[in-house]
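One structure is given below, encoded as C-alpha cells.
Please treat every number below as a calculation from the coordinates, not as lab data. Worth saying up front: this structure is predicted, and the values here are computed from it rather than measured. Cβ: placed from backbone, ideal geometry, glycine included. Neighbour counts: every protein chain shown.
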Amino acid sequence: MNISKKLILIVILTVTVASVTIFSAFEIAKGAKFHQLNFLHLKYINQLTKSFESIRQGAPINTNTIKKDILVIRQQPIECLLQANVLNKFIMNIINTSQALTICKKDIMIANTALESISQYENSEITRNEFITGLEHAIYNFNKNSNEFEQPINKTVTFILITLIPLVLIISMLNIIIISYLSRTISSSIRNLTILLSSKSKDNANLDDDLESNTTDELKALIIAAKQRIKKDLLNLEFSKELQAIVKTQTASLQQANDELAQFAYRASHDLKSPLSGAKSLAQFIIQDIKTGDTDEAINNAKKIHQQMEKLEKLVIDILALAKADIGSEDVTKIDFDQLIVDMTERLDWLIKDNNCTFEATMRLSKTITSEKARFAQIIENLVSNGLKYHDKNKASSYVKCDIFDRGNELIIIVSDNGLGIPKQYQSQVFDMFKRFHVDTSSGSGIGMALVKKHIEYFDGEISLESSTAGTTFKVTLPMDKIV
Amino acid sequence: MNTIKPPILIIDDDEVDRYVLKRLIKETQLPLNIFEKKDGQEALDFLQNYEENKKEDPDGFPPVLIFLDINMPRVNGIQFLEEFAKLREIIEVDSCVVMMFSSSAREEEKEKIMTYDFVKDYLVKGSFKADELKEKLLSIIDFSLYEN
C-alpha cells in the first residue's frame with residue numbers, strides 16, 4: 001500500500017470513529033428523552049384525572065378543556081414514535097422491547113377514541129354518564145400504558161448504554177492501533193530511504209537496486225524526480241563552468257593579443273624613430289663639420305646617415321611584411337624553388353661576401369608546390385640571412401646551408417650554419433618580436449624571426465631549432481595540404 | 001698638471017647613437033674618460049670585474065656616470081638596472097649614478113626606472129644640444145674633485 005492510500009485510510013478511520021461517537025452520544029441522549037416524555041405524559045394524565053374527578057362530583061363538563069388535555073396527552077406518544085428510527089426499531093425487535101412502540105400506538109388510539117366521544121357528547125349522541133364512563137376508561141388505560149411503557153424503555157436504554165459505550169471504546173482502540181501502525185510504516189519507509197541515501201561507499205548500480213527493492217512507489221517517484229533534478233542542476237553547473245572557462249580563456253587570449261599589439265606598436269614606433277633621430281643628429285654634425293672644414297668627418301657622418309636610412313627601409317619593409325603575414329593572399333603560383341634561391345642569393349650577395357661565408361642550397365622535391373611564393377621567400381631568406389649575419393669570425397670557414405625536400409605529406413626546409421649559435425637562455429625568445437641576441441652584429445630589425453613564425457603558423461606548420469656554439473639548425477615542417 | 005678625467009660609461013647597442021652622444025660630450029669640452037659597452041650584459045661583465053679593473057685603472061674605475069639605453073639585445077636597460085641595484089650592494093659603486101638615454105619608453109617602464117634613486121635623469125635621444133648636456137653633466141659630476 002502506498003503512502004497516500006495509507007493516509008486516506010487514516011482519515012476514513014478517524015471520521016468513522018468520530019461518527020460512531022457522535023451517534024452514540026445522540027442515542028444515549030434519546031434514552032433520557034423517552035423518560036422525559038413519559039414523565040410529561042403522566043403529568044398531563046394527572047391533569048386530566050383532576051378535571052375528571054370534579055366532573056364526576058357534579059361539575060359541568062367543559063368539553064374544550066378536556067379536549068385540550070387529551071390533545072396534550074396524545075402528543076407524547078406521537079413524539080415517541082417520531083424519535084424511534086429504523087435502528088432503534090431494529091434493536092427493540094432484537095431485545096424484545098418493541099411493545100414500547102405498540103403502547104405508544106395504543107395510547108394514540110385511546111386518545112382518538114376519547115376525542116371522538118367528546119364530539120359525540122357535544123352532539124348529544126351520548127349521555128353525560130356514558131361520556132364519564134368512557135373518559136374514566138381512557139384515563140385508566142393511559143395510566144396503565146404509561147406504567148407499562150417504563151419497563152421496555154429502561155431495558156432499551158440500558159442496552160444502548162452497555163453496547164454503544166464499549167463499541168465506541170473498542171473502535172477507538174482499534175483506530176489508535178491501526179493509525180499507529182500505518183504511521184509507523186510511513187515513517188519507517190522514509191527512514192529506510194534516508195539511511196539508504198546517506199550510506200557511503202556504495203556504487204551507483206547497487207544503490208539503484210536497493211532503491212528499487214526497498215522503497216514504495218511514491219518515494220521511488222520522489223527519488224527519480226530528485227535524481228533527474230540533481231542531474232539537470234549538475235549539468236547546468238557543468239555547462240556554466242564550461243562557459244566560464246571559455247570566457248576566461250577567450251578573455252586571456254584577447255588580453256594577450258592586445259598586449260602583443262601594444263608591445264608591437266611601441267617597439268615599432270621606437271625602432272622607426274631611432275634611425276631617424278640618429279640621422280637628425282648626424283645631419284647637424286655634418287653642418288658643423290663642413291663649417292669647421294672637417295670634410296672627412298662630414299663624409300663619415302653622411303655614410304652613417306645612409307646606413308641609418310637603409311636600416312629604416314629594411315625595418316619598414318619587414319613591418320609591412322609582418323602586417324601582411326596575417327592576411328591570406330590570392331597570389332598563388334607554382335613555386336620555382338631554384339629560381340627563388342637564385343634571386344635570394346643575389347639579394348644577399350653583399351652579406352655573403354662581407355662575412356666571407358659560403359652558401360649552398362639543395363632541393364629534392366617530388367612534386368610541384370603551388371602556394372603563396374612570397375611567404376616561402378620570406379621564410380627562407382630570413383633564416384638564411386640570420387645564418388649569414390651571425391657567422392662566427394673565429395671559425396676557419398663559415399657556411400650556411402639550405403635543404404628543401406618533401407617527405408610523405410610534408411614539405412621540409414632545413415637551414416643550418418656553423419655560426420655563433422644562440423645561447424640556451426635566449427632560445428625560447430628567438431621568435432619574439434624585436435629580440436636580438438648578438439651585440440656586435442645588431443644590424444637586424446628583430447622582426448625577421450617573428451615573421452618566419454607567423455608564416456609557418458599561417459600554414460599550420462612547425463619550426464624547431466637546435467643550437468650550440470658549433471652552429472644553429474632550423475627545421476621547418478609544413479603540411480602539404482595546408483600550403484595551398 | 002696631471003689631470004685625472006672622471007670616467008663615464010655609455011651603454012647602447014646602436015653605434016650611431018653612441019657616436020652622437022660621444023660627439024655631444026666632446027662639444028661640451030668637459031674632460032671625461034668615456035667607456036662604451038654594447039648592451040647590459042657587457043656592461044655588467046665590466047662592472048662585476050671590479051677588482052681587476054680597479055687594479056688596472058685605479059682612477060678610471062668605477063665610472064661616476066652611466067648613460068643607459070633601454071632597448072638593447074640580451075640584457076636591456078630595465079634588466080640592467082635590476083642587476084645594477086643588486087651589484088651596488090656588493091661593490092663600491094655608490095658614487096655611480098645613471099642617466100637614461102633612450103628615444104622612448106613606455107609609461108610603466110618610466111615609473112619603474114624612476115623608483116631607483118641612483119637614476120638621476122632621463123635624456124631623450126635627438127632632443128637635446130651640447131649646452132644642455134653640459135649643464136646636466138656639471139650638476140651630476142663634481143669636476144673640482146678631479147683637479148690636482
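Which ³J(HN,Hα) values, rounded to whole Hz and listed in residue order, are derived for region A:395-409 from phi using the Karplus coefficients 6.51, -1.76 and 1.60 in 6.51 cos²θ - 1.76 cosθ + 1.60 with θ = phi - 60°, glycine and proline given as x?
Calculated HN-Hα couplings, in order: 9, 4, 9, 9, 9, 10, 10, 10, 10, 10, 7, 10, 9, x, 9 Hz.
Amide H to amide H, which residues 5 or more places from A:S398 or on other chains are under 5 Å from it, using H placed in the peptide plane?
The answer is A:T358.
Relative contact order for region A:279-400: what is it in percent, counting Cα pairs under 8 Å that are at least 6 residues apart?
For region A:279-400, the relative contact order is 24 percent.
For the charge dipole of chain B, defined by +1 on Lys and Arg C-beta atoms and -1 on Asp and Glu C-beta atoms about the Cα centroid, which residue among B:V119, B:I8, B:G40 has the Cα displaced farthest towards the positive pole?
With unit charges placed on the Cβ atoms, the residue in question is B:I8.
List the trypsin sites (Lys or Arg not before Pro) within region B:64-148 that DSSP assigns to loop and that have no more than 16 neighbouring Cβ atoms inside 10 Å.
The qualifying sites are B:R106, B:K129.
Can you list which of the GluC sites (Glu not before Pro) found in region A:282-337 are DSSP loop residues with at most 15 other C-beta atoms within 10 Å?
Filter output for region A:282-337: A:E330.
Name the helices (complete DSSP H segments) of chain A with a Cα length along the long axis of 27 Å or more and a Kyte-Doolittle mean of at least -1.0, or state none.
Helices meeting the criterion: A:3-56, A:63-83, A:99-122, A:128-198, A:217-292, A:295-325.
Run through region B:63-148 and list the chymotrypsin sites (Phe, Trp or Tyr not before Pro) located in a DSSP loop whose Cβ has at most 16 other Cβ atoms within 10 Å.
B:Y116, B:F118, B:F128
For chain B, what is the calculated [θ] at 222 nm in deg cm²/dmol (nearest 500), taking -39500 (n - 2.57) for each run of four or more DSSP H residues and dividing by its residue count?
One gets -12500 deg cm²/dmol as the mean residue ellipticity at 222 nm.
Using all alpha carbons of region A:297-380, what is the percent of pairwise distances in each 5 Å bin, ordered from the shortest bin to the longest?
For region A:297-380, the binned pair fractions read 3, 11, 15, 18, 18, 15, 10, 5, 3, 2, 1, 0 percent.
At a Förster distance of 35 Å, what's the computed FRET efficiency of A:T127 paired with A:L40, Cβ-Cβ distance as r, to 0.05?
The formula returns an efficiency of 0.60 here.
Take the Cβ-Cβ distance between A:K33 and A:N93 as r, set R0 to 22 Å, and report the resulting FRET efficiency rounded to the nearest 0.05.
My answer for the efficiency is 0.65.
Over 27 Å between Cα atoms: which of A:K280/A:K353; A:K248/A:K475; A:K303/B:K22; A:K367/A:K435 fall into that group?
A:K280/A:K353; A:K248/A:K475; A:K367/A:K435
Below 8 Å, C-alpha to C-alpha, sequence gap of six or more: please give me the relative contact order for chain A in percent.
10 percent
For chain A, what is the mean residue ellipticity at 222 nm derived from helices alone (per DSSP H run of n ≥ 4: -39500 (n - 2.57); sum divided by total residues; nearest 500 deg cm²/dmol)?
-25500 deg cm²/dmol
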